[in-house]
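Data block below; observations after.
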Amino acid sequence: MRRKVMTKVVSTGLVMVMAATMLTGCRFGFASDPDDPNEEEKEIPIDMSVDSFEYDPTLSGTNITLLNSKAEIQVALEKMGAEYEKKSGVHVEIMPVTDGDSPYTKVVSLYNSGTPPTASILDTTDVLALAEEKAADLTEEPWVKEAEGYVTEVNGKVYSFPLCIEGRGIIYNKAAIEEALGESFDADSITTQDEFVELLDRLVDAGIKKPVSMAKEDWSLGAHQLQYIYETYEGTSEGAQEVIEKIKAGKLDLSSYDRLSEFLDMFDILKKYNVAKGDPLGADYDEMAIDLADGKTVFWFNGNWAWPNISEAGAEEEDAYGFLPYFLNNDTDDFANQQIQASPSKQIMLDGQIATEKEQKAAKEFLNWIVFSEIGQQMLVKTCNIIPPFQNNPYEPSDPLSADIYAKVHEEKAFNASAIVPNDHWAVLGAAMQKYLADRSDREELTGSIQEYWDEQD
């Protein structure tokens, strides 16, 4: 089912809760040790001279905890919490989710022990699974109106704070393309699958024999790529849920589902021009960042969370990188050929079960401080390097990938869709995608694996 060009979705209302976790936008690989004490950290200065936020003096001395599942901003969150404490007197302890733990597993274990955090940064699916039983109702919070289009609702209520927007697509190195072709490159000039293939062929002729990098990780294949078959059904989260329910109920024949065949057409193109085509399952994630930065390749399917890897590989913030859509066909009216996927990838859920009234108030104030304080607005973008989902935040991210997504969101060149899938989706079907990537299965077998997976879901 193909839909024509759509404007940005104005709400994300999901009423069906699936007890699962989904890997969304997070940084899974590092080109160097992120905790290297010898690594020089570039810090963007924050203007602390203006702060019109009204703090509640009765909350001073309160201690709250924030479980952080977005590892790359641990230090940034600690700085943000420390600044908020200076202003409010509320101490914010940032608790990292350790390696090997999923956010969902971690927060559930803390609830089971009777010591849940005051607030938790979780994937959207985790919030949907926990919200009505565990979470505080945030429906009437002032920031809700500033997050229009990025609020997740459960049965008409808001239980989570959208922390960031993350997007994914085909990352391009503009300078490397222009150097190879000897001409300027306009990303907006590529609007169809055929035009993308033509560009690839020109790059091959120009000497870049394998211009594409393809991550072999199951989370990239099973979550970030395969989920296009749900998310591009109509470009909304509701549409993604609709097509999933049709597949589960046997009301949609995957063998004749156009979005699956179109997706595999594009995937086959990326396979053909993959720099690691000879050994696709031996590809190294960090090496792909280096190849892109060096111009050995010029395209890499990934998300804006990959910038630290690319930067550590030698790219500079002033370098021209951006995103092409995941071209599904040659229909210029199809939104999937004109827009990239961008949606809230992390949510903050407040405990409504064990936290005291004062702790809840302090946590709510901290969230409002992030949205309405001049200092909080700056630190969200400049310190945490986050694309803000709040329309009142005037600050733009500085790295080229996040800046490109920010621009596309505001120019309505991004569609807001998230597929809510079980927690093993990316692992099980990522493994099936790995077989297909390595030419150890064909379309028929892969399609059967997808159908079998959904047939087994309750």
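The values are calculated or read from the model by the stated rules, or taken from the named source; none is laboratory data. Here the structure is a predicted model, which means the values were calculated and not measured. Backbone-built Cβ (ideal geometry, glycine too); neighbour counts: all protein chains shown.
Quick check: is even one residue across the range 384-399 in a helix (DSSP H, G or I), modelled with pLDDT under 95 and either within 30 Å of Q451 (Cβ to Cβ) or over 14 Å from the mean Cα position of the chain (by Cα) (or both)? Lay out the reasoning, then the answer.
Keep residues of the range 384-399 that are in a helix (DSSP H, G or I), which gives none.
No, the range 384-399 contains no residue that is in a helix (DSSP H, G or I), modelled with pLDDT under 95 and either within 30 Å of Q451 (Cβ to Cβ) or over 14 Å from the mean Cα position of the chain (by Cα) (or both).
Taking A417 and the conditions (1) free of Cβ contacts under 8 Å to residues at least 12 places away in the same chain; (2) in a loop (DSSP other than H, G, I, E, B); (3) farther than 13 Å from L221 by Cβ, which numbered condition does it fall short on, given that it satisfies the others?
Unmet for A417, out of (1) free of Cβ contacts under 8 Å to residues at least 12 places away in the same chain; (2) in a loop (DSSP other than H, G, I, E, B); (3) farther than 13 Å from L221 by Cβ: (1).
Consider the range 169-219. How many of its residues are of a type in the set (V, I, T) and assigned to a loop (DSSP other than H, G, I, E, B)? Give the derivation first.
From the range 169-219, those of a type in the set (V, I, T) are 170-171, 177, 190-192, 197, 204, 208, 212; that's our starting set.
Narrowing further to those that are assigned to a loop (DSSP other than H, G, I, E, B): 190-192, 208.
Number satisfying all stated conditions: 4.
Identify, please: which residue in the range 305-346 is modelled with pLDDT under 95 and among the polar types (S, T, N, Q) and is, among those, farthest from T65 (Cα to Cα)?
Out of the qualifying residues, it is S311.
Tell me, which helices (runs of 4 or more DSSP H) wholly within the range 58-160 include 2 or more residues that are at pLDDT 95 or above, touching a strand residue (DSSP E or B) at 6+ places or on another chain (Cβ under 7 Å) and assigned by TED's automatic domain parsing to the domain that holds T383?
Hits in the range 58-160: 74-88.
From the list A432, A407, A403, pick out the single residue that is in contact (Cβ under 8 Å) with a residue 12 or more places away in the chain and either assigned to a helix (DSSP H, G or I) or not assigned by TED's automatic domain parsing to the domain that holds K272 (or both).
Details: A407 fails: in contact (Cβ under 8 Å) with a residue 12 or more places away in the chain; A403 fails: in contact (Cβ under 8 Å) with a residue 12 or more places away in the chain.
Only one candidate passes the filter, namely A432.
Just to be sure, is E198 acidic (D, E) and outside the structural domain of F327 (by TED's automatic domain parsing)?
So E198 fails the test.
Specify which of the listed residues (G235, G222, G239) is in contact (Cβ under 8 Å) with a residue 40 or more places away in the chain and within 20 Å of N330 (Cβ to Cβ).
Exactly one residue qualifies, and that residue is G235.
Would you point out which residue out of E234, E245 is assigned by TED's automatic domain parsing to the domain that holds K209, part of a helix (DSSP H, G or I) and on the phi < 0 side of the Ramachandran plot?
Among E234, E245, only E245 is assigned by TED's automatic domain parsing to the domain that holds K209, part of a helix (DSSP H, G or I) and on the phi < 0 side of the Ramachandran plot.
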